Amino acid sequence: MRRPVLALCLLVLLAGCSLGGTDPTATPTPTDELTPENAPPGVTADDGTLTDPDALLAAHTARLNESGFVTEVRVNATLVRNGEPTAVPRRQVVRAEAGLVEYNNTVLNPGSRFDVWGNTTVQAVRLEAGGGVRYGSGEPQDAATLSGENLVSRYLSAGEWTVTNTTVENGTTLHTLRSTGLPADPAAVPENATDVREYGAVVIVDDEGRIRYFEARGDYTVDGYEGSFLVRQRLVSTDAPAVERPAWVAEAL
């Protein structure tokens with residue numbers, strides 16, 4: 001528990017397991033056009049394709065690091081437990097001050113809870129599981145992990161991502177990109193998943209590169225059973241939250 005615990009939590013989410021929440025199912029807003037002036041980093045304006053996902057992801061993390069943020073990740077995946085397929089939900093919320101001066105993170109798993117607090121020099125962890133509590137400490141998380149860049153990069157690195165819609169909401173230009181190309185990163189799908197099918201993913205970004213909403217879903221086979229997974233990441237706020245150091249941190253450190 002003394003190395004990158006948040007990264008571990010994200011692996012647990014998948015493997016073993018709105019701006020107030022921009023949502024692609026929300027009521028449509030006035031349509032705009034993709035132009036060289038409003039195209040987000042990494043997107044080619046003439047055909048709307050994502051040609052440089054690294055540029056988009058780097059812009060996302062840089063903008064959030066500047067402002068501070070609140071993000072939410074939800075995952076639901078079919079895993080085989082005691083020989084039976086079971087839908088396992090997970091939820092994670094990250095709150096970070098501008099410059100990552102302080103941050104906290106909560107991961108809720110069935111039967112366990114991770115609480116993480118960190119600043120620019122150290123990170124403390126509290127784990128509740130099995131009726132007991134454990135503590136740990138280590139190096140602080142980097143900006144790419146906290147912003148969700150490392151999670152979304154698993155899906156943006158492959159597949160033909162293309163802008164399918166451009167809208168203006170409250171003065172902010174938002175671009176919707178979609179892909180049906182399977183991700184190449186094995187960590188993008190649950191552990192032991194085979195024959196991934198019916199896959200689709202969507203990402204909504206603003207013209208400065210902030211990822212406001214991301215979703216990927218698909219069906220697969222796991223240990224002979226039919227299963228499905230759903231991953232969602234939502235940018236809840238770009239207003240810097242005030243992060244307080246919990247009392248348990250003293251024991252963890």
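The values are calculated or read from the model by the stated rules, or taken from the named source; none is laboratory data. Since we're looking at a predicted model, the values are computed, not measured. Ideal geometry is used to build each Cβ from the backbone, glycine not excepted, and the neighbour counts take in all protein chains shown. Heavy atoms of the whole protein, side chains included, go into the accessibility calculation; ligands, DNA and RNA do not. Shrake-Rupley method; radii C 1.70, N 1.55, O 1.52, S 1.80 Å.
Structure notes:
- In the range 93-104, the condition of being farther than 20 Å from Glu251 by Cα, assigned to a helix (DSSP H, G or I) and touching a Pro at 6+ places or on another chain (Cβ under 6 Å) is met by no residue.
- Considering the range 160-236, the qualifying strands (runs of 3 or more DSSP E), each wholly inside and each with 2 or more residues that are in contact with a Lys or Arg (Cβ under 6 Å, 6 or more places away or on another chain) and closer than 22 Å to Glu72 by Cα, run over 193-206, 211-222.
- Of residues in the range 110-148 being out of contact with any strand residue (DSSP E or B) (no Cβ under 8 Å at 6 or more places or on another chain) and in a helix (DSSP H, G or I), the one farthest from His60 (Cα to Cα): Thr145
- When the range 123-143 is limited to residues that are open to solvent by 40 Å² or more (accessible area, probe 1.4 Å) and more than 22 Å from Leu108 (Cβ to Cβ), the one that is farthest from the chain's Cα centre (by Cα) turns out to be Glu139.
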